[in-house]
1. Per q in 0.20 Å⁻¹, report the Debye log10 I(q)/I(0) for the stretch 433-496, using one uniform scatterer on each alpha carbon and no solvent.
2. Please figure out what share of the DSSP beta bridges in the stretch 1-151 is antiparallel and state it in percent, rounded to the nearest 5.
3. Based solely on its DSSP helices, what 222 nm [θ] is calculated for the chain when runs of n ≥ 4 H residues each add -39,500 (n - 2.57) and the sum is averaged over all residues, nearest 500 deg cm²/dmol?
4. Before anything else, pin down the relative contact order of the chain: Cα pairs under 8 Å, at least 6 apart, normalised by residue count, whole percent.
5. Can you figure out the FRET efficiency of residue 228 with residue 147, using R₀ = 30 Å and their beta-carbon distance, to the nearest 0.05?
6. Only Cα pairs under 8 Å and at least 6 apart count here; give the relative contact order of the stretch 144-224 as a rounded whole percent.
7. Name the shape class, rounded, prolate or oblate, that the alpha-carbon gyration tensor gives for the stretch 542-640, where a ≥ b ≥ c are the square roots of its eigenvalues, rounded holds for a/c under 1.5, and otherwise prolate holds if a/b is larger than b/c and oblate otherwise.
8. Taking θ = phi - 60°, what integer Hz values does the Karplus form 6.51 cos²θ - 1.76 cosθ + 1.60 yield along the stretch 607-622, in sequence order, with x for Gly and Pro?
Amino acid sequence: MLHVEADPPAELSGGLRDLLQAFPHRMRTAGPGEPAVRFTQDSGLVRGYATTAEGSGWHIRYDRPCDAYRALGTLAGGNPHQAGTQFESLGVMLDVSRNAVLRPATIFELLCRYALMGVNQLWLYLEDTYSVPEEPMIGYARGRYTTDELRAIDDAADRLGIEVIPCVQTLGHLEQLLQWPQYFALRDTDRVIVAGADETYALIGRMLDAATGPLRSNRIHIGLDEAHGVGTGGYRSRFGDRPPFEILSEHLAKVSAMCAERGLSPMIWSDMYFRLGSATGDYYDPATEIPAWVTDAMPPGVGLVYWDYEHTDPAFYRDWIGKHRTSLGGPPVFAAGVWTHHRMWAQLPRSLATISAGMTAARDCGLTEAVVTMWGNDGTECDLYSALPGVQTFADAGYVPSTATPTDEADAETGSSEDTAANLRGSAGISLDDWIAASAVDVLPPVTALPSDPAAARWTGNAGKWLLWHDPVLSFLTATLPDELPDHYRALADRLSAAAARSADDVPLAFPAALAQTLADKADLHLRTGPAYRRGDHGEIRDIVDSLLPRLTDRIRRLHAVHRDTWHARNKPFGWDVVDRRYGGLLARVEHLDRLLREWLADPNRPIEELAEPPEVVFPEGAHTRCLTHARVASPSFIH
């Protein structure tokens with residue numbers, strides 16, 4: 001228990017009050033005569049802090065509020081030291097546009113944890129989940145934030161020394177908006193708004209005002225990534241054929257001018273330029289060529305954000321940071337990523353490896369701004385609390401202890417620093433080992449879910465998600481499913497259940513524990529049912545019907561309940577309908593399989609056509625190594 005001085009510096013008073021309320025079991029205000037943690041602002045510690053013993057208490061000297069809060073977090077984890085950072089900003093981006101719209105109270109809880117890590121920026125990725133006056137269909141039935149909610153988020157962040165930056169879209173990723181008849185005339189494609197049209201820029205102006213009005217920051221991220229097919233649809237009909245580079249450059253010039261009129265400083269994702277310059281359309285094509293006129297036409301003051309969640313070699317990141325300087329005219333903000341997308345739990349071994357390598361390169365290249373992203377592709381089924389170790393690793397890579405040794409620096413590149421485990425206990429009260437172990441819902445044998453296993457850092461498969469949703473009757477992707485999966489998931493469920501029971505702070509582990517338990521039976525079902533039917537094994541089918549299917553049904557229902565309760569505690573209710581249908585569809589197909597098997601047991605001459613032929617090898621390397629969406633695994637049919 002840390003005892004914090006009763007009368008801290010004024011700039012820390014609001015934030016410390018919030019932290020004391022958020023973590024009453026780990027810190028409280030010191031009483032009369034109690035040894036306390038006291039704070040002194042010291043501008044000599046440029047972007048840094050120093051924690052020293054003072055009698056039986058502690059003294060924290062700091063430059064900025066974020067440095068003071070980070071020092072308190074490391075102290076709470078039993079890791080007092082002195083550190084500094086070259087980064088003016090270390091940010092976290094939360095995707096609140098892929099079904100799950102975090103409740104403001106949840107964002108506040110996360111902000112308290114992020115503050116204790118040293119984070120001083122929050123990026124909110126808002127495609128359509130914010131209110132725009134006179135545009136009722138923007139965010140309609142999607143849980144959009146009200147102006148008051150955004151203002152409350154900004155107030156809470158400001159007390160913790162955190163700047164809130166809205167991330168919107170002004171070209172691509174607007175399918176949620178363009179689905180409505182009111183905006184059909186603004187379609188270039190079903191995802192891309194038509195550039196060049198006056199009504200497009202009138203709408204974008206209202207969007208810029210709505211997203212930035214409630215917030216203190218004058219910065220805004222205007223997107224421009226993944227605008228695939230720009231110029232090929234409505235634009236071509238209205239304005240004729242033009243090279244995509246020309247459309248993009250002209251559009252950026254107009255939107256950046258609109259930002260300048262409003263006193264806003266815009267940023268863009270830089271990948272669109274590199275992909276348009278690639279003959280193959282790849283994200284990371286070493287042969288990409290951006291015409292010099294494109295660089296020359298870049299509006300002044302537009303920030304570039306280089307996102308890269310893929311690589312584990314710092315040299316790759318250094319090369320691409322250099323390409324930004326030479327091809328696009330300036331140093332980027334580096335955007336790392338925690339692998340929360342397309343899965344139920346963050347894939348932490350890969351996250352820690354890529355974050356550590358990218359941040360090493362960012363430091364080497366002298367970058368001063370970095371952010372770590374958490375995306376929710378394909379439904380945001382993942383609990384973003386599972387990403388906390390990734391955020392801690394990111395922040396730890398941003399701050400360099402003044403006593404760092406070559407070994408410490410090597411640890412920072414591999415993500416294996418023991419300090420991160422201590423700091424995570426201080427900032428979030430959770431176990432790094434247990435959180436990483438839960439990544440084994442996706443990382444499967446013979447690979448181990450450990451940062452020390454190089455294969456885990458390369459693993460991108462999401463079997464923990466797709467195996468759950470895979471159709472239990474057709475079972476069309478299971479030809480190469482490993483026989484050891486049921487035992488793997490049973491052992492994992494036992495470990496996570498024990499970890500979840502140890503501490504109230506580990507409650508989020510109840511979900512991956514229930515998931516692993518369900519996956520053990522689901523894998524067993526896929527491995528046993530088809531082969532037993534094809535060899536006419538009545539005894540095996542009877543055991544599946546009488547034992548396995550009822551147990552699996554109960555476990556799916558329990559998992560559904562845990563997932564539902566977690567979702568509604570963390571997020572607004574909007575968007576849960578998507579996940580609810582996935583559970584409902586799964587249960588309906590399990591029930592259908594049960595009926596088919598019972599009918600066959602009663603009359604073996606009645607064939608089960610769906611089980612008659614063995615599944616084909618769709619992915620020679622094994623479907624369990626692939627990252628697959630719900631639509632891809634729930635049915636072999638491609639439905640338009």
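1. Each listed q maps to, in turn, -0.83.
2. Taking every DSSP beta bridge with both residues in the stretch 1-151, the antiparallel ones total about 40 percent.
3. When only DSSP H runs of four or more count, the value is -14000 deg cm²/dmol.
4. 13
5. Efficiency computed from Cβ-Cβ geometry: 0.40.
6. 43
7. Oblate.
8. x, 10, 4, 5, 9, 5, 9, x, x, 7, 7, 7, 10, x, 7, x
Every read-out reported here was derived from the displayed coordinates using simple, explicitly stated rules and does not represent laboratory data. Just so we're clear, the structure is a prediction, and the values are computed from it rather than from any experiment. Note: ideal-geometry Cβ built from the backbone for every residue, glycine included; neighbour counts use all protein chains shown.
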